[in-house]
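Down below is the structure, laid out as C-alpha cells.
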Amino acid sequence: MQTSENAILLTGASSGIGYALLRRLHELGNKLLVTSRSDTSLQKLQSEFADIQTFRCDLSNPTAVELLIDFCRSEFSDLNVLINNAGMQLEYQIVDAKGRAKLESEIRTNFVTPLQLIQDLLPLLAGNEPAAIVNITSALAITPKKSAPVYCATKAGLSNYSDALRYQLEATDIKLFEVIPPLVDTAMTAGRGSGKISPEQLVEEFLRGFARDKEKIYVGKAKLLRFINQFAPGIARNILKNS
Ligand SMILES: NC(=O)c1ccc[n+]([C@@H]2O[C@H](COP(=O)([O-])OP(=O)(O)OC[C@H]3O[C@@H](n4cnc5c(N)ncnc54)[C@H](OP(=O)(O)O)[C@@H]3O)[C@@H](O)[C@H]2O)c1
C-alpha cells in the first residue's frame, strides 16, 4: 500500500501512537482527518498541522460516531484509508462494581465503533481504491493479562474479526491490516511495565509493513510472543498473565 497521497481517517490522534502516526503520515504527504474527544486537543493539533481536518467525537457514543460517518461522506469523500487507533484500557477486578459502569464504553470504543466505522465507510473506501483499513489490536489479543479482561477480550475480538473481514475483501482492492503492538510508552501504559518501545518505533515498523502489504504486522516483542504462543502456549500465557 502506498504510504503517501492517501486520504486518511485516523481516530485518537491526540496522544501516544495516534499522535506519532499523525506526525509521520502528515510528513509523508497524506491528507488527514483526525479525531479526539477534546476541542482543546484538536485546536492544538490544528495549530501544529494547519492543513489537517479535525472532528470532535466520543467514540463510545454511537450517535457521535454516526455524525463522524456523515462528515466523512460529505466533507472527506476521497477517504481511502481508515485507521482504527483510538482505544482505552481499564484495569479492574470483575467483582468490582465500579468496572461494571464502564463496561459498555470500553467495549464500544475498542470494538463496536471500529466495526461500525468499517461497515459504514466501506462504500467510500470501495469507491477510492486502492484502499486500506488498519486495526490496531495488541499482543494481549494473543493471550490475555489478568488485570484488564475486557480490554483483552475487545482486542482479541477485533483481531479475529480482522481475519474474517480480510477473507471477505479478497476480491477487492481494499486491504485489511492488523497492527499487533507490544508494550508502547504512552499515556495508556504510564507507570507500568518495562522494556517499552516508543510510539515512533512502532510507527516506523507499521509503515514498513504497510508499504510491503504485510497484512498482519507484529511489532517488536509481539513477534516473539506469537512464536512462543504457537509452540508453547502455556509459557506465553504465563508471560502475559501478570504483565
Ligand atoms: N500503549 C501500548 O502499550 C499499546 C499496546 C498495544 C495496543 N495499543 C493500542 O494502541 C492504540 C493507541 O493507544 P495509546 O497507547 O496511544 O493510548 P493513549 O496515549 O492513551 O491514546 C489513546 C487515544 O485514544 C483516544 N480515545 C480513547 N478513548 C476514546 C473515546 N471514547 N472516544 C474517542 N477517542 C478516544 C484518545 O483521545 P482523547 O482522549 O483525546 O479523546 C487518545 O487519542 C489503542 O487502541 C491501544 O489499545 C497500545
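The values are calculated or read from the model by the stated rules, or taken from the named source; none is laboratory data. Since the model is a prediction, treat every value here as computed from it, not as a measurement. Glycine gets a Cβ as well: all are built from the backbone with ideal geometry, and neighbour counts include every protein chain shown.
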In the range 84-103, residues that are outside any loop (DSSP other than H, G, I, E, B), surrounded by 15 or more Cβ atoms within 10 Å (Cβ to Cβ) and more than 11 Å from the ligand (Cβ to nearest atom) total 1
Can you tell me which residues in the range 73-83 are away from the ligand (no atom under 11 Å from the Cβ), within 23 Å of T63 (Cβ to Cβ) and outside any loop (DSSP other than H, G, I, E, B)? R73, S74, E75, L82
Of the residues V203, V219, which is near the ligand (Cβ under 10 Å from one of its atoms) and under 18 Å from the mean Cα position of the chain (by Cα)? V219
Based on this model, can you work out whether L125 counts as more than 20 Å from Q230 (Cβ to Cβ), within 14 Å of the ligand (Cβ to nearest atom), crowded, with 19+ Cβ neighbours inside 10 Å and not polar (S, T, N, Q)? no
Among the residues in the range 105-120, are any of a type in the set (S, T, N, Q), part of a loop (DSSP other than H, G, I, E, B) and within 16 Å of the ligand (Cβ to nearest atom)? no
Taking into account only those residues within the range 161-188 that are under 14 Å from the mean Cα position of the chain (by Cα) and without any contact (Cβ under 8 Å) to a residue 60 or more places away in the chain, which is farthest from the ligand (Cβ to nearest atom)? L176
Just need a number here: residues in the range 214-243 that are more than 18 Å from T137 (Cβ to Cβ), outside any helix (DSSP H, G or I) and modelled with pLDDT of 95 or more. 1
Any residue at all in the range 144-157 that's more than 14 Å from the ligand (Cβ to nearest atom), among the hydroxyl-bearing types (S, T, Y) and outside any loop (DSSP other than H, G, I, E, B)? no
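Conditions tested, residue by residue: (1) farther than 27 Å from L79 by Cβ; (2) assigned to a helix (DSSP H, G or I).
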residue	(1), (2)
N160	no, yes
R166	no, yes
E170	no, no
F177	no, no
M188	no, yes
R192	yes, no
V203	no, yes
Extreme residue, farthest from R23 (Cα to Cα), among residues of the range 37-83 that are surrounded by 20 or more Cβ atoms within 10 Å (Cβ to Cβ) and in contact with a Cys (Cβ under 8 Å, 6 or more places away or on another chain): V65
